[in-house]
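First up is the structure itself, then whatever we jot down about it.
The values are calculated or read from the model by the stated rules, or taken from the named source; none is laboratory data. All values reported here derive from a predicted model rather than from experimental measurement. With ideal geometry, Cβ positions are generated from the backbone for all residues, glycine too; neighbour counts draw on all protein chains shown. Areas reflect the complete protein model, heavy atoms only, side chains present, ligands, DNA and RNA absent. Shrake-Rupley method; radii C 1.70, N 1.55, O 1.52, S 1.80 Å.
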Amino acid sequence: MAIDWLPSVLIVTLLILAVIGGVRRANLWRAGQPEKVDIVAGLLALPKRYLQDLHHVVARDKYMSQSHVATAGGFVLSMILVLLVHVFGVSNRLLAGALLVALGLMFVGALFIAKRRLQPPSRLSKGPWMRLPKSLLTFAVTFFVLTLPMAGVLPEGTGNWLLTMILSAGIIISLSELLFGMTWGGPMKHAFAGALHLAFHRRPERFGGGRSTGLKPAALGGEVHGVAKPSDFKWNQLLGFDACVQCGKCEAMCPAFAAGQPLNPKKLIQDMVVGLAGGTDANYAGSPYPAGKGEARALGSAKGGADNVITAGLVDADTLWSCTTCRACVEECPMMIEHVDAIVDMRRFVTMEKGQTPNKGAQVLENIIATDNPNGYAPGSRTHWAADQNLPLMKDKQQVDVLFWVSDGAFDMRSQRILRAFVTLMKAAKVDVAILGDEERDCGDVARRLGDDASFQSLAKRNLATLSQYKFNKIVTTDPHAYHCLRNEYSDLDVNGVLSQGASGQAVEVLHHTTFLNHLVEQGLLNFERFSDTRMTYHDPCYLGRYNGEYEAPRELLRSLGINITEMARSGYRSRCCGGGGGAPITDIPGERRIADMRMADVTETGAELVAVGCQQCTAMLEGVVEPRPVVKDIAEILVGQLIEEVH
Amino acid sequence: MPLNIVSLVSVGRHPQSGRSRRAEQDGRAVEMGLKLAGQQLSVVHVGNPDEPVLRQYAGMGLSSLTVLKQADRFDAVPVLQRYLEQKNIDIVLTGVRSESGESSGMVPYLLAHALGWPVVARVADIVCVEKGEAQVLLALPRGQRRAVRVALPFIASLDLAAPPARQSAFGVGLRAKIETIESIGEVDQIRVDWQEAEAKPRAKRLKTVKAKTAAERFKAATAKPQGDAGKVLINETTQQKAQAIFDLLLEEKVIR
Ligand code: SF4
Ligand code: SF4
């Protein structure tokens with residue numbers, strides 16, 4: 001190159017600008033609320049979290065994960081070597097050679113990324129993201145040429161003014177994207193914010209194969225409840241939003257988006273970024289929120305700022321209420337962003353500060369407050385369903401092995417069939433069981449998902465107080481929502497350790513009925529006839545699968561009947577929601593389709609005549625689909641039909 | 001000049017659980033007050049200032065709420081009368097009857113009698129207030145309305161046909177100021193002497209449903225009992241049938 005000092009000056013300038021940008025960006029995150037994180041431990045854990053946990057998610061898409069490893073790995077390595085070779089002037093042929101190899105690796109990776117951009121799927125954002133592979137290629141080529149003389153491939157001082165100009169332009173173009181753009185809001189921001197997000201994640205339990213799905217309790221009694229403005233989020237939540245790569249994996253999985261309701265999790269996260277940085281959504285280049293039944297908003301009309309109320313101009317409340325809290329987006333997000341936390345945080349503000357829970361929401365919450373159940377039934381009629389079941393009450397027994405948590409299914413005739421089936425199975429296995437009867441209350445799931453954390457906490461505390469009077473080893477329930485609350489969310493409020501010390505002195509085991517029944521079958525306490533040859537599929541309830549990781553027990557139970565499950569295309573951790581979670585049937589935001597219909601179409605596609613479920617809410621949603629359609633049955637109901645009862 | 005409106009609220013009782021709650025009609029009195037006076041509305045309760053249900057009323061968007069503090073055994077009317085006399089009030093809004101206590105429905109009348117104001121009972125809506133006169137819609141059976149004009153000041157009791165109370169927001173209710181005014185009451189001897197007992201539900205006549213399908217069962221459960229007011233015209237002439245419909249519409253004041 002004709003002027004030797006030019007590349008290093010350019011590199012250093014852009015590096016300094018990048019550092020300045022980084023500080024500015026960090027200040028945007030710091031506008032959020034304080035949250036304790038272990039900074040040092042987080043940073044130390046970063047490489048492992050990136051290489052293991054993040055790549056575990058990315059690797060579901062082999063093409064992308066390999067391209068990304070080559071590109072990102074190549075780039076990081078190249079950048080370090082570029083600094084050594086071109087800035088610090090370490091002249092070592094080996095080093096320069098290594099740089100050439102790293103650049104080559106990056107080039108190949110970037111080619112694959114560029115190839116996918118030729119016909120990008122609709123979930124990907126366009127705009128500046130279309131430019132990114134070109135910038136990557138420019139970087140690789142520019143520095144490759146620049147390094148050739150140092151590696152001794154070309155004589156020193158090769159090149160004329162024209163080449164110098166071209167290479168300088170290449171440096172400026174590529175480093176503007178890859179260094180400067182990283183901290184000033186370009187597509188490469190995902191690398192900078194993403195790395196820090198992994199280090200300071202709000203749910204560090206998720207790394208290393210763990211699971212953390214319980215919502216965090218809202219602080220009650222302050223000047224504001226829930227999140228009104230972006231600055232009401234915790235600082236590391238803001239950081240998390242900034243980590244989004246706009247890959248749209250969440251969008252592709254979101255049932256509300258597919259149903260044409262006005263929600264797109266990717267756009268929502270981008271709107272949060274608009275909120276934290278200030279400005280409008282004019283530069284957003286991905287799929288918009290579906291129009292729902294209203295009118296789609298024009299791009300650029302959403303305005304936000306760190307101290308502006310989000311629902312006043314940035315995001316419509318209907319967007320927040322469309323979510324079924326199914327966690328499909330969170331499960332799929334390669335950046336491990338927590339969409340559901342953010343959505344419920346904002347719902348809390350709408351409910352607890354604005355009093356604007358849509359449709360039946362207000363009524364349901366009022367009922368929960370006045371009667372401890374969402375439909376306003378007399379609390380004294382909670383045990384009517386069991387009049388003929390001869391089930392002992394905890395009040396009389398005081399101590400049992402299994403406490404059967406009945407849930408609000410007690411008031412619903414369809415759910416009662418599931419409850420009875422489960423009781424029959426427990427009796428056949430001679431389980432030492434009792435129920436709370438009228439002392440039980442709604443678990444608080446609906447109130448919490450509707451944003452009324454005050455009512456959730458009140459219910460949880462009163463339920464815990466009731467539980468504290470009795471001794472038991474296990475709580476078993478047929479309702480995955482109650483299961484989730486009891487297992488993952490009550491612990492935050494369980495100051496007296498009611499659930500951490502059961503009758504036997506060990507922590508109380510909270511189990512879903514399928515898990516529990518599977519134990520009984522494994523112990524040989526239940527015997528079944530083989531199930532006739534019906535084509536059957538199984539629908540994973542979100543609150544059982546993604547929330548609690550229980551995919552196997554229901555399937556094992558079905559297999560123990562000799563059933564060969566025909567899996568749906570979306571099953572297991574990718575199961576599609578039935579539409580019944582998160583209070584969505586209550587807030588009922590209109591879309592073009594119903595989520596339950598789409599799920600039933602998934603079922604029909606397998607050719608199944610029967611779909612097994614493990615949740616009364618899923619049962620209600622799927623049975624709400626017009627006939628003809630496959631039959632819907634809870635696993636307990638299927639089992640009870642095959643039960644061989646011993647005759648004495 | 002902004003209207004000076006007072007909504008009176010009591011502690012309600014949920015019909016299923018018997019638990020304290022925001023009373024249905026009193027909630028409507030606050031809702032109507034907010035519509036007419038916005039943030040100028042004053043809301044008054046007689047009783048215990050620590051009653052949690054007051055927060056549910058306040059959650060409708062009130063920054064403060066006045067409690068005339070007195071024990072349960074005291075009569076609410078005299079203290080309310082004294083309080084309302086001191087202020088220059090245009091309209092007092094109440095429910096038709098409370099959901100707890102004596103539930104006699106007498107408070108608006110006793111207050112009106114004491115203050116010398118008219119009572120407008122079973123209000124569905126107060127459309128507007130102009131030149132010292134309010135346009136009021138009264139609720140009549142079967143969804144009918146009667147329009148009346150009432151001179152200020154007056155007491156209005158809100159019917160269930162009035163717009164329902166908005167959702168109560170927890171945070172707003174929690175932060176509202178409860179202003180307590182100590183009051184010297186008169187013991188309500190009649191009330192004190194009363195005994196309360198659980199009401200026995202009246203035995204229902206059993207309906208034998210011979211329905212076979214769910215649809216028939218649904219029909220049987222929801223069908224209205226046959227009244228004797230209707231007429232079935234089958235063999236009459238078209239003229240007669242039309243006349244019958246016309247007469248009914250006149251009678252129901254659908255047309256005039
Ligand atoms: S939120 Fe996650 S899944 Fe969705 S677009 Fe962003 S990075 Fe991708
Ligand atoms: S939780 Fe489910 S419904 Fe809600 S945004 Fe995520 S994918 Fe969509």
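Can you give me the orientation-averaged projected area of the convex hull built on the Cα atoms of chain A, in nm²?
Here the figure is 31.6 nm², rounded to one decimal.
I want to check the label-to-label distance for A:K62 and B:A199. Put each point 7 Å from Cα in the C-beta direction and report it in nm to one decimal.
So the two model labels end up 7.2 nm from each other.
When the Cα centres of region A:596-648 and region A:133-150 are compared, how far apart do they sit, in Å?
59
Using protein heavy atoms only (no ligands, DNA or RNA), what is the total accessible area buried between B and A, 1.4 Å probe, nearest 100 Å²?
1400
If I model chain B as equal point scatterers sitting on the Cα atoms and use the Debye formula, what is log10 I(q)/I(0) at q = 0.07, 0.11, 0.14, 0.18 Å⁻¹?
-0.34, -0.73, -1.00, -1.39
Quote to one decimal, in nm, the extra length available between A:E645 and A:L148 on full extension: 0.36 nm per residue of separation minus the C-alpha distance between them.
Length difference between fully extended and current span is 170.8 nm.
Let me check something: with ligands and nucleic acids excluded, how do A:I310, A:I80 order by accessible area (1.4 Å probe), largest to smallest?
Of A:I310, A:I80, the descending order of accessible area is A:I80, A:I310.
Along Cα→Cβ, 7 Å out, is where each label goes; now give me the distance between the ones at B:N48 and A:S91 in nm to one decimal.
About 9.1 nm, to one decimal.
Note down the net charge around B:K131, summing +1 for each Lys or Arg and -1 for each Asp or Glu among other residues with Cβ under 14 Å from its Cβ.
-2
By its C-alpha gyration tensor, with a ≥ b ≥ c as the square roots of the eigenvalues, how is region A:242-353 shaped: rounded for a/c under 1.5, else prolate for a/b larger than b/c, else oblate?
Rounded, since a/c falls under 1.5.
Rounded to the nearest 10 Å², what accessible area does A:F144 show when all protein chains are kept and the probe is 1.4 Å?
Rounded to the nearest 10, that gives 80 Å².
Checking the table A:K360/B:K69; A:K395/A:K430; A:K36/A:K229 against a 25 Å threshold on Cα-Cα, which pairs fail?
A:K360/B:K69
Which residue fluctuates most in the GNM of chain B (Cα springs below 10 Å): B:I89, B:I178, B:I190?
Answer for the Gaussian network model of chain B: B:I190.
Give the accessible surface of chain B per residue, rounded to a whole number of Å², with probe radius 1.4 Å and ligands, DNA and RNA excluded.
In whole numbers, chain B has 63 Å² accessible per residue.
Just in region A:184-282: which trypsin sites (Lys or Arg not before Pro) are loop by DSSP and have at most 14 other Cβ atoms within 10 Å?
Filter output for region A:184-282: A:R211.
Would you mind getting me the FRET efficiency between A:I20 and B:R166? Use the beta-carbon distance for r and R0 = 45 Å, nearest 0.05.
Efficiency, from the Cβ-Cβ distance: 0.35.
I'd like the distance between the alpha-carbon centres of region A:493-536 and region B:134-158, rounded to an integer number of Å.
About 61 Å separates the Cα centre of region A:493-536 from the one of region B:134-158.
Accessible area per residue for chain A in Å², computed with a 1.4 Å probe and the full protein assembly in place, what is it?
About 40 Å² of surface per residue is accessible.
Carbon and sulfur: what percent of chain B's accessible surface (1.4 Å probe)?
53
May I ask you to list the trypsin sites (Lys or Arg not before Pro) in region A:43-120 that are in a DSSP loop and have at most 16 other Cβ atoms within 10 Å of their Cβ?
In loop regions of region A:43-120 (DSSP not H, G, I, E or B), the sparsely surrounded trypsin sites (Lys or Arg not before Pro) are A:R60, A:R117.
How do B:V53, B:V254 rank by accessible surface area computed with a 1.4 Å probe, from largest to smallest?
B:V254, B:V53
With the contact rule set at Cα under 8 Å and sequence spacing of 6 or more, what percent relative contact order holds for region A:374-520?
Normalised by residue count, the contact order of region A:374-520 is 27 percent.
Within region B:49-82, list the residues whose amide N lies under 13 Å from a label point set 7 Å along Cα→Cβ of B:H113.
B:77-78
Restricting attention to region A:399-435, which trypsin sites (Lys or Arg not before Pro) occupy a DSSP loop and are surrounded by at most 11 other Cβ atoms within 10 Å?
Passing both the DSSP loop test and the Cβ count: A:K430.
Let me check against my output: what whole-number percent is the relative contact order of chain B, with C-alpha pairs under 8 Å and at least 6 apart?
22
At most 16 other C-beta atoms within 10 Å and a DSSP loop state: those are the exposed GluC sites (Glu not before Pro) I care about. Give me the longest piece of chain B that has none.
B:1-101
Taking 0.36 nm per residue of separation and subtracting the Cα-Cα distance, what length does fully extending A:A503 through A:R131 add?
That works out to 127.7 nm of additional length.
So what does A:W235 come to for accessible area, using a 1.4 Å probe and Å² rounded to 10?
A:W235 exposes around 40 Å² with every protein chain in place.
Can you check what the net charge comes to around B:H45, using other residues whose Cβ is under 10 Å from the Cβ of B:H45 (Lys, Arg +1; Asp, Glu -1)?
Every neighbour counted, the sum reads -1.
What is the sum of charges around B:H14, taking Lys and Arg as +1, Asp and Glu as -1, for the other residues whose C-beta is under 13 Å from the C-beta of B:H14?
Here the count lands on 0.
If you project the alpha carbons of region B:1-137 onto the principal axes, what extent comes out on each, in Å, largest first?
On the principal axes, region B:1-137 reaches 44, 30, 25 Å in Cα extent.
Anything in chain A that counts as a DSSP H helix reaching 27 Å or more along its axis (C-alpha) with Kyte-Doolittle mean of at least 0.5? List them, would you?
A:5-30, A:62-82, A:93-116, A:128-147
Please report, as a whole percent, how much of the solvent-accessible surface of region A:374-520 comes from carbon and sulfur atoms (probe radius 1.4 Å).
46
Give the percent of DSSP beta bridges with both residues in chain A that are antiparallel, rounded to the nearest 5.
Of the beta bridges lying entirely in chain A, close to 10 percent run antiparallel.
Which residues belonging to region A:317-366 lose at least 20 Å² of 1.4 Å-probe accessible area when the assembly is complete, relative to their chain isolated?
Checking the loss per residue gives A:M352, A:E353, A:G355, A:A362, A:E366.
Considering only DSSP beta bridges with both partners in region B:5-192, what is the antiparallel share in %, to the nearest 5?
In region B:5-192, DSSP labels about 40 percent of beta bridges as antiparallel.
Evaluate the relative contact order of chain A (contact order divided by residue number), counting alpha-carbon pairs under 8 angstrom at least 6 apart; express in whole percent.
The value is 13 percent.
Short version: which residues of region B:152-200 lose at least 10 Å² of accessible area, all chains versus chain alone, 1.4 Å probe?
B:Q167, B:A169, B:F170, B:G171, B:V172, B:L174, B:R175
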